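Participant: Input: one structure, supplied below.
The values are calculated or read from the model by the stated rules, or taken from the named source; none is laboratory data. These numbers come from a predicted model, not from an experiment. Note that each Cβ is placed from the backbone with ideal geometry, even for glycine, and that neighbours are counted across all protein chains shown. Calculation scope for accessible area: heavy atoms of the full protein, side chains included, ligands and nucleic acids excluded. Shrake-Rupley method; radii C 1.70, N 1.55, O 1.52, S 1.80 Å.
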Amino acid sequence: MPTTMSQAKTNAPDEGGKAKVEDAKSIRIHPLVLRNYTPNNLQLFRCLFYIVMAYNWYNINHHPCNEWEGTFAYYHTRPLGDTFCPRDQRQADLERYVGSALCILCIFSDLATIFFAAMQNIYVFSYITRFVNHEYLFGLLAILMVFVVFSKAHGDGEKHVAWTQCLRGQIVVVYFYAAVWKLIAPTWLDGSICRGIFLSFEENGVASGVPWSLLEQNVPHLFKFLALTGLFLDALLAGVLLFCPAGHWVQQVGVLFHGFTALTMAQRIGYSFPATMLAAGLLFRPVIGEVVAVEWAKATTDEEEMEIYKKNKEDQPELVEPVVMTEQVDARNQKNKERKQTKTNANAMNQSKPVEAEVATKEEIATEESESKKENSEKQPERYESHATWMHRNWKRHPLITAWLLVQWLLPARMPIVSNGRYKHTGEGYRFSWTMMLHSSASFFDGANFFTLRVYCGDSIFPSPVGPENPDVKGFPIHRYIGARGSAALNVFPRQLPAMGAKVAEEFGKQPLCRHPGGITVFGSMLMRTDDGPFHRIVDPEQNLVHTHNALLGRNLIDTVVGTMLDKAPSEQEFILKDVGSFWDARDLSNSIEDGWIYVVDRLSCLAADPIAIFGQSIEFMVVESPEPLWMEWCGDLQQNQCIREEIPAQTEPILTPQMAVIKFQTSEAVRSSCRSAAKEDILIKFRFGPSLQS
């Protein structure tokens, strides 16, 4: 067990340089008590990391917060945004310049690392619109760097190496889960996700000049190859960094991996993430003291300890000479002494009984040889340890590091559990799970938008002004207030809908428009498609979002923490439907989808509460499956005053509709069960568009 610095000082060598020995039974101090501890690889990583952070901080979106920004605040960290969000452009610019300067200062100042870690994590955890996997990673690394630099400043070499191992573990977690989620995603394995990503880059002019569509024509399986290569490299790096010693040559494939990412994706995701992961390779190079720590732990005698010290002293002059401690007894040497005494006694007995020694069994000889080989192998120390070996040997000695990494390993693993495997549709558990561009989600399509909020006073709906941006007279024009970035955030993290509903109710409440005792209520209508697949209804259209918002705010600390970890609202106020995507559990999705058609999956009771509406289109449609006949409502005006309702006949072929202002798919009036009570999805409709009335 290493001794403390104070013990080292009280037993320091005398002026002649020789250790004071007052007892033959003694123990030496661990040589990781260092003077001027300056590990080159870590120092270089520190410089590169904070330079990248300065670049990243300068380029991220700093803007004044408007009144709708608060609707994207996390329920478990709501005060952060209210307290620290810039109120005007001057404050936003100040935040940008001060943060960038602080990052540069972190290279030289240990104290500055604390302030930057606070700023980065306040930024990430203020609003969900700011959550990006790499920004979250930067916040975690910034926290760990605080412990790394301060353990160095206090001369505690053992803790310095320990926190370096924690940094390594954090990087391993990212690679590991990036590989796991790719491995269980069929749309990743067949290359369709990669294809969608890179072709969308080309369409939007952010492909860094790579002609992906042309490459696909010449190399038909290009995107499947890239997808499988990405999976292989994530898995390879996770395994090598976890189980191989520091400095293993296979770690260099990270340069190829992130170099490709920087070349082909940086115009979309930026250079900060690939640059940070490239710099993180330095964390997996040996640090000063790491060699000695491993060899010292495996030494069996004082003589071997001194040999190890002398061998490493030349390369690591910062190592302090081991000091002999006279207050304690070296348990290991005592054990070796007892072992030698036992062998001596055994030899004496053998000499006194030569006949018995001659008849020693082969098994006894083999056992002795095995023990001898094992003892000799223990005297052949490895120079470096893997991260897994270090954690196995030290997890009890460093409980804070163990707790940190345990949380980091368990938090992403909750995603398929809390979502019942439906995370790609509902986004439950998506945050903090390292789903690196794994799925794309959208509630809209060219010619259709399947997300809106409906505002009621009692049983009466508030009508909205209609126009090209909002053709739905019964839907609040929420996109006008939250913008494209806010809409995209809600598509990925629909958990923020209650805050959105409460804000809408607050805005309506400012005007004396509703005198109903129940006040203003807000309900959500959202159908989402994942990876260009079918649209699924994910929000219960009968759940009052204002009530859900109040329930979320009214939780105590324990319920808030548990709810955040499980990514759930209180059960009686839950608004995300269960078993989204269950329609395909017993069906083959790939054989059921035809190109050129839009598919919508719903539940009969949900459709009864919230009809599916399409505006200003002529459509060709077919009800592929439904437990009961569906009805269609045709409206000639957007105000929905001139409407005709009729039952959809049994179909064997698609039906082409005339061009109408509003077309609604509905159920019969006899359906009265609640949407939440529907156990599974049971309706499939497909359609495609004709010319737009709006154009």
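Participant: Using only Cα atoms, what is the ratio of the radius of gyration of region 573-695 to 2.2 N^0.38 Å?
Facilitator: So the Cα radius of gyration is 1.09 times the expected 2.2 N^0.38 Å.
Participant: Expressed as a rounded percentage, what relative contact order does region 403-451 have, with Cα pairs under 8 Å and six or more residues apart? Don't skip to the end; give the middle numbers.
Facilitator: Numbers: 32 pairs, mean separation 12.2, N = 49.
This gives 25 percent for region 403-451.
Participant: Could you list which residues have their amide H under 5 Å from that of E625, counting only those 5 or more apart in sequence or on another chain, with H placed in the peptide plane?
Facilitator: The answer is L684.
Participant: Based on the Cβ-Cβ distance from A118 to A413, what FRET efficiency comes out when R0 is 25 Å, to the nearest 0.05?
Facilitator: The value I calculate is 0.35.
Participant: For region 598-695, what % of the accessible area comes from carbon and sulfur atoms, probe 1.4 Å?
Facilitator: 52
Participant: Can you give the convex hull volume of the alpha carbon atoms of region 565-618 per residue, in Å³?
Facilitator: Once divided by residue count, the hull of region 565-618 is 174 Å³.
Participant: Let me ask another. Sorted by average packing, counted as other Cβ atoms within 10 angstrom per residue and highest first, what order do 174-185, 586-597 take?
Facilitator: 174-185, 586-597
Participant: Same structure again: How high is the FRET efficiency between N61 and F444 when r is their beta carbon distance and R₀ equals 35 Å, given to the nearest 0.05?
Facilitator: For N61 and F444, the calculated efficiency is 0.95.
Participant: Oh, and also: Enter the accessible area per residue of region 536-675 (Å², integer; probe 1.4 Å; all protein chains in place).
Facilitator: Per residue, region 536-675 has 46 Å² of solvent-accessible surface.
Participant: Under Stokes-Einstein, with the Kirkwood radius over Cα pairs standing in for Rh, what whole-number D in µm²/s applies to region 438-513 at 37 °C and 0.692 mPa s?
Facilitator: It comes out at roughly 242 µm²/s.
Participant: Can you figure out the FRET efficiency of S460 with Q639, using R₀ = 22 Å and their beta-carbon distance, to the nearest 0.05?
Facilitator: 0.90
Participant: Using only the alpha-carbon atoms of region 600-662, report the extent along each of the three principal axes, biggest first, to the nearest angstrom.
Facilitator: Here the Cα extents, ordered largest to smallest, are 30, 27, 19 Å.
Participant: If I take the Cα coordinates of region 65-140 and project them onto the principal axes, what are the three extents in Å, biggest first?
Facilitator: 39, 27, 19
Participant: How far apart, in nanometres, would the label points at E628 and L189 be if each is projected 7 angstrom from Cα along the Cα-to-Cβ direction?
Facilitator: Distance between label points: 4.0 nm.
Participant: May I ask you to evaluate 6.51 cos²θ - 1.76 cosθ + 1.60, the Karplus curve with θ = phi - 60°, for each residue of region 593-607 and list the ³J(HN,Hα) values in order in whole Hz, giving x for glycine and proline?
Facilitator: Per residue, the Karplus-derived 3J(HN,Hα) values read 9, 10, 5, x, 10, 9, 10, 10, 10, 8, 10, 4, 5, 6, 5 Hz.
Participant: Ordered by packing density, taken as the mean number of other Cβ atoms within 10 Å over each peptide's residues, highest first, how do 475-482, 505-512 rank?
Facilitator: So the peptides 475-482, 505-512, ranked by packing, come out 475-482, 505-512.
Participant: How far apart, in nanometres, would the label points at R87 and N204 be if each is projected 7 angstrom from Cα along the Cα-to-Cβ direction?
Facilitator: It works out to 3.4 nm between the two label points.
Participant: Something else: So what does log10 I(q)/I(0) come out to for region 439-584 at q = 0.12 Å⁻¹, using the Debye formula with one equal point on every Cα and no solvent?
Facilitator: -0.52
Participant: Next question, about the same structure. When only C-alpha pairs under 8 Å and at least 6 residues apart count, what is the relative contact order of region 102-239, in percent? Please report the intermediate quantities before stating the final value.
Facilitator: On the way: 112 pairs, mean separation 26.3, N = 138.
Rounded, it is 19 percent for region 102-239.
Participant: While we're here: Please state the relative contact order of region 530-585 as a whole percent: Cα pairs under 8 Å, 6+ residues apart? Before the final figure, lay out the partial values.
Facilitator: Numbers: 33 pairs, mean separation 27.5, N = 56.
Value for region 530-585: 49 percent.
Participant: If you build the convex hull over the alpha carbons only and average its shadow over all orientations, what do you get for region 625-691? Give it in nm² to one decimal. Numbers along the way, then the final one.
Facilitator: On the way: hull surface 23.0 nm².
Dividing the Cα hull surface by four gives the mean projection, 5.8 nm².
Participant: For the peptides 158-170, 401-413, what is the packing order when you average, over each peptide's residues, the other Cβ atoms within 10 Å and list the highest mean first?
Facilitator: Top to bottom by mean Cβ count within 10 Å: 158-170, 401-413.
Participant: Still on this model: Report the extension gain between A484 and Q511 in nm, rounded to one decimal, defined as 0.36 nm multiplied by the number of residues separating them, less their alpha carbon distance.
Facilitator: Stretched out fully, the A484 to Q511 stretch lengthens by 7.0 nm.
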